[in-house]
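**Student:** Pasting a structure below so you can have a look.
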Amino acid sequence: MRREPRNDSAIVLRQLHYGESDLIVSLLSSDYGLLRGFARGGRKSVKRFGSALEPFTQIRIRWQPGRGDLISLLDADIVASCRGLRQSLESLALAGYAVELLEMLLQEGEAQPQMYSLLQGYLNYLAVQGAPALARLLFELRLVQQLGYIPHLLHCSECFVQFDAGEIVFDPSRGGSLCAVCAAGGDGLHVGLGTLGSLSRSLRTPIGQFDEFHFGTRTLNEGAAMLSLVLESILPRAPKSLRFLQQTTAPDEP
């Protein structure tokens, strides 16, 4: 049976050389989620692919179902190359880190339009030299929200009292933020109400928006620590890209 070609928008996550001229490419598609494709002659075919299959490139692809888990990539056109990412080693490391998180946490073949918008906005922001710590915090926060892991922020996860002042402890193993009474005798991260308010407000904005945010140092530091705890609780292992990211982080970044 003849397989009809399909057209879609996608972001290249990574590529693997296969044989003398072929490529195996991982993609995040707007309509089909995570996909892995085989590009015959992908390393040499200027007419069909050119440089469109470079990591982090946003493309329009034409493909058809292949054999097994791999789709067959027919051709691709560049929509945005995000060349600005290559001007900063830290931005490249952040892009690779985000890609690894998505590959670890998403299921192949499931439509992920919100995740596509999230990654697209994140890469575009980094490509124009956006603030690295802010980009990472917003990406992680929105990622766990979309996956359904976002913890309680502005009220106690156990007694449901609304926070207006006082000591607040964050513990993802117990649902998120805890008031002083419920947190007594337990472990957790002490955080400020301002941090929780800033993070909560950021979740009410479009998922792909990264500009026009201005977080203070305390919010960036406490937010990074909070999301680190959440990700540790849901990831099957530590991301391999995390070590490289830590090595490239600027000294004044959290």
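**Student:** Among the listed residues 171, 187, identify the single one that is of a type in the set (D, E, K, R), within 18 Å of residue 150 (Cβ to Cβ) and out of contact with any helix residue (DSSP H, G or I) (no Cβ under 6 Å at 6 or more places or on another chain).
**Tutor:** It is 171.
**Student:** Right, another one. Closer than 25 Å to residue 234 by Cβ and without any contact (Cβ under 8 Å) to a residue 60 or more places away in the chain - does that describe any residue in segment 68-81?
**Tutor:** Checked against the condition, which is being closer than 25 Å to residue 234 by Cβ and without any contact (Cβ under 8 Å) to a residue 60 or more places away in the chain, segment 68-81 yields at least one hit.
**Student:** Sticking with this one: Considering each residue of segment 14-33, count those that are surrounded by fewer than 16 Cβ atoms within 10 Å (Cβ to Cβ) and without any contact (Cβ under 8 Å) to a residue 60 or more places away in the chain, and give that number.
**Tutor:** Total satisfying the criteria: 6.
**Student:** Further question on the same structure: Can you give me the number of residues within segment 32-73 that are among the charged types (D, E, K, R), closer than 24 Å to residue 100 by Cα and at pLDDT below 90?
**Tutor:** Of the residues in segment 32-73, 2 are among the charged types (D, E, K, R), closer than 24 Å to residue 100 by Cα and at pLDDT below 90.
**Student:** What residue, among those in segment 61-86 that are among the aliphatic types (A, V, I, L, M) and closer than 14 Å to residue 18 by Cβ, is surrounded by the most Cβ atoms within 10 Å (Cβ to Cβ)?
**Tutor:** 73
**Student:** Related question: Touching a helix residue (DSSP H, G or I) at 6+ places or on another chain (Cβ under 7 Å) and either in the same structural domain as residue 240 (by TED's automatic domain parsing) or among the charged types (D, E, K, R) (or both): does that describe residue 93?
**Tutor:** yes
**Student:** Follow-up question, since we're still on this one. Here are some residues: 121, 185, 148, 130. Which one is assigned to a loop (DSSP other than H, G, I, E, B) and under 30 Å from residue 70 (Cβ atoms)? Don't jump to the end; show me each part of the working.
**Tutor:** Working: 121 fails: assigned to a loop (DSSP other than H, G, I, E, B); 185 fails: under 30 Å from residue 70 (Cβ atoms); 130 fails: under 30 Å from residue 70 (Cβ atoms).
The match here is 148.
**Student:** If you don't mind, another one. Among the residues of segment 87-112, write down those that are assigned to a loop (DSSP other than H, G, I, E, B) and buried (at least 20 other Cβ atoms within 10 Å of the Cβ).
**Tutor:** Result: 112, single match.
**Student:** Would you call residue 52 assigned to a loop (DSSP other than H, G, I, E, B), touching a residue at least 24 places away in the same chain (Cβ under 8 Å) and surrounded by 17 or more Cβ atoms within 10 Å (Cβ to Cβ)?
**Tutor:** Values: assigned to a loop (DSSP other than H, G, I, E, B): yes; touching a residue at least 24 places away in the same chain (Cβ under 8 Å): yes; surrounded by 17 or more Cβ atoms within 10 Å (Cβ to Cβ): yes.
When the stated conditions are applied, residue 52 passes them.
The values are calculated or read from the model by the stated rules, or taken from the named source; none is laboratory data. In this text, all values refer to a predicted model and were calculated from it rather than measured experimentally. Glycine gets a Cβ as well: all are built from the backbone with ideal geometry, and neighbour counts include every protein chain shown.
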